[in-house]
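The values are calculated or read from the model by the stated rules, or taken from the named source; none is laboratory data. Remember, predicted model here, so these are calculated numbers, not experimental data. Glycine also receives a Cβ, built like all others from the backbone with ideal geometry; neighbour counts cover every protein chain displayed. Side chains included, ligands, DNA and RNA excluded: accessible areas come from the protein's heavy atoms. Shrake-Rupley method; radii C 1.70, N 1.55, O 1.52, S 1.80 Å.
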Amino acid sequence: MKPPPVWVFDANVIISEPLDAQGPPGRIIEALLRGDVVLAWDNRILAEYREVLSREKFSFKPGQVSGLLDEFSFHEQVNSKPWKGKVSPDSWETPFLESAHPLDEPVLVIGNTKHFPSDPCNSIRILSPQYAWNE
């Protein structure tokens, strides 16, 4: 049996799940929790998830945020590699590229794929949640 794929997920995909549990982000989170897909992360990404999920506008209780993030801790922590390629305009995106880069089959699932044109991302596959769900 082939092991599940190991992918990096942008914070927007993670935050979309509670807001659209029936859409692709929700289905992706279900696949993560079932172990059909493995979440790759580093401490910067985990901090980003925590910061985004804790924003007042989303109204999540601290226990809800911690519970979801605790589920992710059972997935694959990666040793990020410094990104030497061209990076998208926003520096907050660098940890996601650096975490995907060392994976055997690097994939980054992100809500806005326009932030990552394929040319500067080298061998990293950039997928939208919709495309990832159909993968």
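Leaving out ligands, DNA and RNA, what percent of the accessible area of region 1-80 is carbon and sulfur, probe 1.4 Å?
On the way: 2310 of 4490 Å².
Within region 1-80, the accessible surface is 52 percent carbon and sulfur.
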Computed FRET value (nearest 0.05) for ASP70 with ASP36, which takes r as the C-beta separation and R₀ as 25 Å: 0.85
Heavy atoms of TRP41 accessible to a 1.4 Å probe, total area in Å² rounded to 10: 20
